[in-house]
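The next block holds one structure in the form of structure tokens; read it before the comments.
The values are calculated or read from the model by the stated rules, or taken from the named source; none is laboratory data. Given the structure is predicted, the values throughout are model-derived calculations rather than measurements. No Cβ is skipped: glycine too gets one built from the backbone with ideal geometry, and neighbour counts run over all protein chains shown. Quick note on the areas: whole protein, heavy atoms, side chains included, nothing else; ligands and nucleic acids left out. Shrake-Rupley method; radii C 1.70, N 1.55, O 1.52, S 1.80 Å.
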Amino acid sequence: RIRVEHGDIKRAYCKLIFPAPGEADDLRPVLSVARRVLSDGRSCRLYRRVQEELKLVDDFAVMTETGPREGVIIFDLETDPARLPRAMQAVAGILTELGKNGCTERELDRARVRVARSFIFGEETVQGQASTLGYHEAMDDLPAAFDFPTKVSAVTSGEVAQFCRSVFRLEDLSCVIYLPQGVEPQAQGVPTTATELETL
């Protein structure tokens, strides 16, 4: 699905939205590692390729939310209309590549360490511990409040690849594009229909 809107803005914005597993699927450790490989720091794939090497975006973010039964992953891109189609293609290429080949051992080690470290830092205060316990109790999975770092350390490149293949599927994609007033999408090669999005 795709929706294109115009507004009183100067940049072009795009959200690529995929449904994701919920807590009941027990894939949060894999999701957390995959997200770090894609979007954490200057050595992550999206920054290194899409922003630094190809210079197709000026900023990006990857956001995730997981509930008891389902979740969502959002790729948020900021660029200009002329570069937006190629930026979307580049992101799709990276997701496809990660689904085919998984991540390198270096990427995997770095991501696992950063996910586990973030979790442990969050447990340094009583408030952080209470938040973790409350969240996992609400998700009906209290043991995960204690064994999450252990699960993260066991994530493999193959699991990351399988996760990407099952989640980042074109038929499940919802795309929202927000353009400045007066910008004609067709003139910039920006898709406006599901067929054009699929072709891109």
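The table that follows gives values for the structure above.
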{"item": "Filter pass, residue 76 being within 24 Å of residue 180 (Cα to Cα), open to solvent by less than 40 Å² (accessible area, probe 1.4 Å), of a type in the set (D, E, K, R) and in contact with a strand residue (DSSP E or B) (Cβ under 9 Å, 6 or more places away or on another chain)", "result": "yes"}
{"item": "Qualifying residue in the stretch 122-140 (condition: in contact with a Gly (Cβ under 8 Å, 6 or more places away or on another chain) and loosely packed, with under 14 Cβ neighbours inside 10 Å)", "result": "yes"}
{"item": "Filter result (open to solvent by 70 Å² or more (accessible area, probe 1.4 Å) and within 19 Å of residue 87 (Cα to Cα)) within the stretch 154-187", "result": "169, 170, 178, 184, 186, 187"}
{"item": "Unmet requirement for residue 102, which otherwise passes all of (1) open to solvent by less than 40 Å² (accessible area, probe 1.4 Å); (2) at negative phi", "result": "(2)"}
{"item": "Count - residues of the stretch 12-25 that are open to solvent by 60 Å² or more (accessible area, probe 1.4 Å) and either over 18 Å from the mean Cα position of the chain (by Cα) or free of Cβ contacts under 8 Å to residues at least 12 places away in the same chain (or both)", "result": "2"}
{"item": "Test for residue 73: is it farther than 22 Å from residue 158 by Cβ, in contact (Cβ under 8 Å) with a residue 24 or more places away in the chain and among the β-branched types (Val, Ile, Thr)", "result": "no"}
{"item": "Neighbours by Cβ (under 6 Å, 6+ apart or cross-chain): first from the stretch 180-191, of a type in the set (A, V, I, L, M, F, W, C); second open to solvent by less than 30 Å² (accessible area, probe 1.4 Å)", "result": "183/81; 190/84; 190/85"}
{"item": "Strands (runs of 3 or more DSSP E) wholly inside the stretch 1-111 containing at least 3 residues that are closer than 18 Å to residue 160 by Cα", "result": "12-21, 59-66, 70-79"}
{"item": "Test: residue in the stretch 145-153 that is among the aromatic types (Phe, Trp, Tyr), touching a residue at least 40 places away in the same chain (Cβ under 8 Å), surrounded by 12 or more Cβ atoms within 10 Å (Cβ to Cβ) and assigned to a helix (DSSP H, G or I)", "result": "yes"}
